[in-house]
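Notes for the one structure printed next.
The values are calculated or read from the model by the stated rules, or taken from the named source; none is laboratory data. This structure is a prediction, so every number in the text was calculated from the model and none was measured. Virtual Cβ from ideal backbone geometry, glycine too; neighbours counted across all protein chains shown.
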Amino acid sequence: MVEEAWQNPSSPYRAGARVGVRLKAFRERLATLLGCKSSRVVFTGGATESAHAIAQHLARTVPATVKVAVSAIEHPCVIEALRTHFGSARLAWLPVEPSGVVSLAAVREGLAASSWGAVWVMAANNETGVLQPWHQIAAACREARLPLVCDASQWVGKLSVGGLVDVDWAFAAAHKFGGPKGMGFLLRPEPENGLCIRAGGSQESGQRAGTEDVPGIAAMVAALIDADTTKVLHEEGRIRLRTEFENEVGRSLPGCRVVGAGQERLWNTVSLILPAGAENHRWVTHLDKRGFEVSTGSACSTGSESPSHVLAAMGVSGPESRRVLRISAGWTTTREDWSGLAAALAVVGAELKPAANVISMG
């Protein structure tokens, strides 16, 4: 594909024109999968670029006298994009229940007050995997005639994309569903005039200047078609594997609990609050030596010493948040992989427990 489509799709010569035809076809394939007009699809460099582009556009078009409502558990790229383009004073934070679900009642109350210019709510949380009521929020926003922006990065490729077209603005990142890093797409309203992610040439109908990465776009579209038409059908079995793992860990690590337990969650994400004792970074190190790569939260927050804003919004205390492990699986993760991780957690727990109980004699 790279050898066949390396030419600039905007070039006037025949080889370039053929690449341009392919680019149009990839856009139409993605639009068909999503169930929307191809003019709504804009190819981007990923979720962070999309979030900033939408925030910048809304900052130019939303009245300066109103605020933008945003859930307290959004991804850092969304929060920082909104702070950059709106300023903290113009953000109205939507609370979440202790379960990790955005309060639908708070959304409806705010919409009734007519004090907002837009609403931002993600489809599924990146740290806990808890699914959000974005379908209901989309319906409420349509009734109130306010735009809803949805970060669907965690949802797309793991659950069906059906219904995403009901959201005014939505975006996703290719690497979350098996596509290449540095690729993504956003859905804009139809019609929508004035979106300009990057000024320059006329690429992406003048919305994002710069030569399109056609091979990258092709890989992204192929990955999403594969995920949405085949892999998402196996969600029930994947949830079963996740549940077996959580039950096994619960038996071997007394005092361990699952964040968002009892709520609908992504099949691939588990957030564990470990038993009192060693902090999570020690668990990460010990598990890494055993071949298991886990994290302490969002990869985009790595290096931050502050407690997770997601867990804080859910009412998880600071000490507890420092004992959280985030586990993320893939479509190729097997029952043996889950079971192996559970066994490793039990072993590491036994190793760290004595150290946590040492009494200083100094």
**Asked** Taking the condition free of Cβ contacts under 8 Å to residues at least 24 places away in the same chain and surrounded by 15 or more Cβ atoms within 10 Å (Cβ to Cβ), does Val270 pass?
**Response** no
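Out of everything in the stretch 257-287 that is among the hydrophobic types (A, V, I, L, M, F, W, C) and in a loop (DSSP other than H, G, I, E, B), what residue ends up being nearest to the chain's Cα centre (by Cα)? Can you show your working first?
Just the residues of the stretch 257-287 that are among the hydrophobic types (A, V, I, L, M, F, W, C), to begin with: 258-259, 261, 266-267, 270, 272-274, 276, 278, 283-284, 287.
Subsequent filtering for residues that are in a loop (DSSP other than H, G, I, E, B) retains 259, 261, 266-267, 274, 276, 278.
On the way: Val259: 17, Ala261: 19, Leu266: 11, Trp267: 14, Leu274: 24, Ala276: 29, Ala278: 29 Å.
The qualifying residue nearest to the chain's Cα centre (by Cα) is Leu266.
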**Asked** Could you say whether any residue in the stretch 322-330 is more than 24 Å from the chain's Cα centre (by Cα) and surrounded by fewer than 21 Cβ atoms within 10 Å (Cβ to Cβ)?
**Response** no
**Prompt:** Under the condition of being out of contact with any Phe, Trp or Tyr (no Cβ under 7 Å at 6 or more places or on another chain) and without any contact (Cβ under 8 Å) to a residue 40 or more places away in the chain, which residue from the stretch 57-81 is surrounded by the most Cβ atoms within 10 Å (Cβ to Cβ)?
**Reply:** Ala81
**Message:** So Pro254 ticks every box in (1) of a type outside the set (D, E, K, R); (2) closer than 30 Å to Gly349 by Cα; (3) assigned to a helix (DSSP H, G or I) but one. Which box is left unticked?
**Reply:** (3)
**Message:** Which of the numbered conditions does Asp213 fail, given that it passes all the others? Conditions: (1) charged (D, E, K, R); (2) at pLDDT 95 or above; (3) assigned by TED's automatic domain parsing to the domain that holds Ser160.
**Reply:** (2)
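Where in the stretch 85-181 are there strands (runs of 3 or more DSSP E), lying fully within it, with 3 or more residues that are farther than 18 Å from Pro63 by Cβ and touching an Asp or Glu at 6+ places or on another chain (Cβ under 9 Å)?
On the way: elements: 91-94, 116-120, 148-151, 169-173.
Because the criterion is at least 3 residues that are farther than 18 Å from Pro63 by Cβ and touching an Asp or Glu at 6+ places or on another chain (Cβ under 9 Å), the strands (runs of 3 or more DSSP E) in the stretch 85-181 that meet it are 169-173.
Here is a list: Ile273, Ile239. Which entry is among the aliphatic types (A, V, I, L, M), outside the structural domain of Ala152 (by TED's automatic domain parsing) and in contact with a helix residue (DSSP H, G or I) (Cβ under 6 Å, 6 or more places away or on another chain)? Let's see the steps before the verdict.
Working: Ile239 fails: in contact with a helix residue (DSSP H, G or I) (Cβ under 6 Å, 6 or more places away or on another chain).
Just a single option satisfies the conditions, and that option is Ile273.
How many residues are surrounded by fewer than 20 Cβ atoms within 10 Å (Cβ to Cβ) and either small (Gly, Ala, Ser) or free of Cβ contacts under 8 Å to residues at least 12 places away in the same chain (or both) if we restrict to the stretch 118-142? Explain how you work it out, then say what you get.
First, the residues of the stretch 118-142 that are surrounded by fewer than 20 Cβ atoms within 10 Å (Cβ to Cβ): 133, 135-136, 139-140, 142.
With the extra rule that they be either small (Gly, Ala, Ser) or free of Cβ contacts under 8 Å to residues at least 12 places away in the same chain (or both), the set shrinks to 139-140.
Of the residues in the stretch 118-142, 2 are surrounded by fewer than 20 Cβ atoms within 10 Å (Cβ to Cβ) and either small (Gly, Ala, Ser) or free of Cβ contacts under 8 Å to residues at least 12 places away in the same chain (or both).
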**Item:** Condition met for Val294 (within 22 Å of the chain's Cα centre (by Cα), among the aliphatic types (A, V, I, L, M) and under 20 Å from Ala350 (Cα atoms))
**Value:** yes
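Please specify each residue of the stretch 74-125 satisfying the condition of being closer than 21 Å to Leu266 by Cβ and touching a Pro at 6+ places or on another chain (Cβ under 9 Å). Break it down stepwise before answering.
First, pick out the residues of the stretch 74-125 that are closer than 21 Å to Leu266 by Cβ: 74-79, 94, 96-104, 120-125.
Hits for the stretch 74-125 are Val101, Val102, Ser103, Leu104, Val121.
Name every residue in the stretch 242-251 that is surrounded by fewer than 20 Cβ atoms within 10 Å (Cβ to Cβ) and under 21 Å from Thr333 (Cα atoms), in order of residue number. Give the steps one after another, and end with the answer.
Of the stretch 242-251, the ones surrounded by fewer than 20 Cβ atoms within 10 Å (Cβ to Cβ) are 243-244, 246-248, 250-251.
Result: Thr243, Glu244, Glu246, Asn247, Glu248, Gly250.
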